[in-house]
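Please read the structure below before turning to the comments.
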Amino acid sequence: MGLVLQHALVVTVDMQDRVLADADIRVEGTVIEAIGPGGSLKRQGDEVIDCSEALVMPGLVNVHTHAATALFRGLADDRPAAFWSRGYQVPGQERFSLDDYKLSMEAACGEYLLNGITCIADRLARMDHLATVLEASGIRAIVGDTLMDRDGPADWRTTDALLERYGVAPRSRVTAGIAPHALDTCSDQLLKACADRQQAHGAHVFIHVAQSRDEIAAIRARRHAGALACLQNAGLTGAHVVAAHCLHLSAEELAAWPVSRISIAHCPASNLKIEALTAPIHKLIGKVAIGLGTDWTVTNNSSDLFFEARLAALAGKMIAGDPTVLTARQMLRMMTIEGAAVLGLDHVTGSIETGKQADLLVLDTLALELTPMHDPVSNIVHSASSRSVRDVIVDGEILVRSGCLTRVDQRELARRHARLGAS
Ligand SMILES: [Zn+2]
């Protein structure tokens, strides 16, 4: 028995960016088995989802999250950049317990799914406790436990346990990566150790890069010319290294960046909110893999990748002084297949193609914000929002149906999460 999405407008985001006007997608188990003309793929016993008033696209890929921090929402708006220099401390964070963070992880994963996000790259401390909650949500994820040695030796035990438990090649929806915190909170020795460990495991490495002026000053004090040189000197180069933010890079570093092949997690809302800056990705698009991240909830209170893509496009046009850069087609790819490429999962997810895992997003084409549909790609990037999302499928499993989570009672989850608010 399979699952057939019938009579859909399909935005494939394949190599040719094909858009199919009336098509069926048949899912067998976890995999897209066939794509064919509308009404042609249903077999006896199949479950059918009527998509005659729907657009089906690949699930969204969010390449930089800290899901368990959803409980920080609204705790530190409108602060000066210097406020964050004390290790990104959040006022009142000491009152939250591990159980609170686990509940927050559950709420965040539910929110991602409801917003059409089917895959995340998530990192935080204590990921050994948090990853099981993430796993229970059904979302696809790469998880990393934060490594740093600013205040004492780095503790590799959780990273090793995650690599052992989940592996680096997908054998379930969750895989593991290596997650050094940042270039100023990790010593050169630790960064080199991460590069060595990457070589041994083939894991992706996730790190915050050039997020603040303080970080660049700390890097220079260690006699590196800048953030890129610091990464290069540690051996942290290649597409499997994912640098989040990349705000404080010189013109020379931006020009040299493509040679390093380091992938970028672009988080414009978070960056604009706390640094009043965003990375000039128009200079790097097409040269290295770039995906979009919503980052943590204290610096980007929303987890809406549609919003993130539109902001990236519009702020990017402003920075470039050129309204022709960061086209709708490029932004759609950044939300999906390019994000998957950043995570090394573009053979698994990020486009609708036969043989790929069925990570699918169904938008309601009768949502008023999607009418009229002269150009589906334009509507997805410039007018869709999380409220356009109808159904969400990961690995062939329907995790959101008609705007509701299927694995959990979302109103009860919201009720429990709301109790973490200041009383
Ligand atoms: Zn981050």
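The values are calculated or read from the model by the stated rules, or taken from the named source; none is laboratory data. These figures come from a predicted structure and were not determined experimentally. So basically every Cβ, Gly included, is an ideal-geometry build from the backbone, and we count neighbours across all protein chains shown. Only protein heavy atoms, including side chains, enter the accessible area calculation; ligands, DNA and RNA are left aside. Shrake-Rupley method; radii C 1.70, N 1.55, O 1.52, S 1.80 Å.
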Residue 217: assigned to a helix (DSSP H, G or I) and exposed (fewer than 15 other Cβ atoms within 10 Å of the Cβ), yes or no?
-> yes
Pairs with Cβ under 8 Å, 6+ apart, first in region 54-67 and under 15 Å from residue 180 (Cα atoms), second within 11 Å of the ligand (Cβ to nearest atom) and small (Gly, Ala, Ser) | 64/121; 64/244; 64/265; 64/293; 65/121; 65/293
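Yes/no matrix, rows are residues, columns are (1) under 30 Å from residue 102 (Cα atoms); (2) in contact (Cβ under 8 Å) with a residue 60 or more places away in the chain:
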| site | (1), (2) |
| --- | --- |
| 1 | no, no |
| 21 | no, no |
| 49 | no, yes |
| 77 | yes, yes |
So which residues in region 279-296 are in contact with a His (Cβ under 8 Å, 6 or more places away or on another chain) and in contact (Cβ under 8 Å) with a residue 40 or more places away in the chain, if there are any at all?
-> 281, 290, 291, 292, 293, 294, 295, 296
From 10, 90, 19, 61, residue being aliphatic (A, V, I, L, M), modelled with pLDDT under 95 and under 30 Å from residue 308 (Cα atoms) = 90
Checking 346, 295 in turn, the sole residue that is in contact with a Cys (Cβ under 7 Å, 6 or more places away or on another chain), within 23 Å of residue 174 (Cβ to Cβ) and of a type outside the set (Val, Ile, Thr) turns out to be 295
So which residues in region 369-423 are over 28 Å from residue 353 (Cβ atoms), open to solvent by 20 Å² or more (accessible area, probe 1.4 Å), touching a residue at least 12 places away in the same chain (Cβ under 8 Å) and among the aliphatic types (A, V, I, L, M)?
-> 408, 414, 420, 422
Kindly indicate whether any position in region 111-124 is modelled with pLDDT under 95 and open to solvent by 10 Å² or more (accessible area, probe 1.4 Å).
-> no
Run down 348, 325 and say which single residue is closer than 30 Å to residue 167 by Cα, aliphatic (A, V, I, L, M), open to solvent by 10 Å² or more (accessible area, probe 1.4 Å) and assigned to a loop (DSSP other than H, G, I, E, B).
-> 348
Quick one: which helices (runs of 4 or more DSSP H) lie wholly within region 221-312 and hold at least 1 residues that are open to solvent by 20 Å² or more (accessible area, probe 1.4 Å), within 14 Å of the ligand (Cβ to nearest atom) and closer than 20 Å to residue 205 by Cα?
-> none
Can you find even one residue in region 184-192 that is open to solvent by 20 Å² or more (accessible area, probe 1.4 Å), within 15 Å of the ligand (Cβ to nearest atom) and assigned to a loop (DSSP other than H, G, I, E, B)?
-> yes
From 30, 69, 12, 65, grab the single residue that is crowded, with 21+ Cβ neighbours inside 10 Å, of a type outside the set (A, V, I, L, M) and more than 16 Å from the ligand (Cβ to nearest atom).
-> 12
Output the qualifying pairs, or none if there are none: Cβ atoms under 8 angstrom, residues six or more apart or on different chains, first residue in region 126-146 and on the phi > 0 side of the Ramachandran plot, second residue outside any helix (DSSP H, G or I).
-> 126/145; 138/173; 138/394; 138/395; 138/397; 138/399; 138/407
Only one of 8, 21, 68, 54 is touching a helix residue (DSSP H, G or I) at 6+ places or on another chain (Cβ under 8 Å) and not polar (S, T, N, Q), namely 68
Residues of region 193-214 satisfying the condition of being outside any loop (DSSP other than H, G, I, E, B), closer than 20 Å to residue 250 by Cα and within 16 Å of the ligand (Cβ to nearest atom) | 207, 208, 209, 214
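Conditions tested, residue by residue: (1) within 15 Å of the ligand (Cβ to nearest atom); (2) over 19 Å from residue 200 (Cβ atoms).
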site: 117; (1), (2): no, yes
site: 121; (1), (2): yes, yes
site: 124; (1), (2): yes, yes
site: 137; (1), (2): no, yes
site: 140; (1), (2): no, yes
site: 144; (1), (2): yes, no
site: 156; (1), (2): no, no
site: 173; (1), (2): no, yes
Would you list the strands (runs of 3 or more DSSP E) that sit entirely within region 1-98 and hold 2 or more residues that are farther than 30 Å from residue 242 by Cβ?
-> 3-11, 19-28, 31-37, 47-50
So is residue 342 over 20 Å from residue 67 (Cα atoms), surrounded by 15 or more Cβ atoms within 10 Å (Cβ to Cβ) and at pLDDT 95 or above or not?
-> no
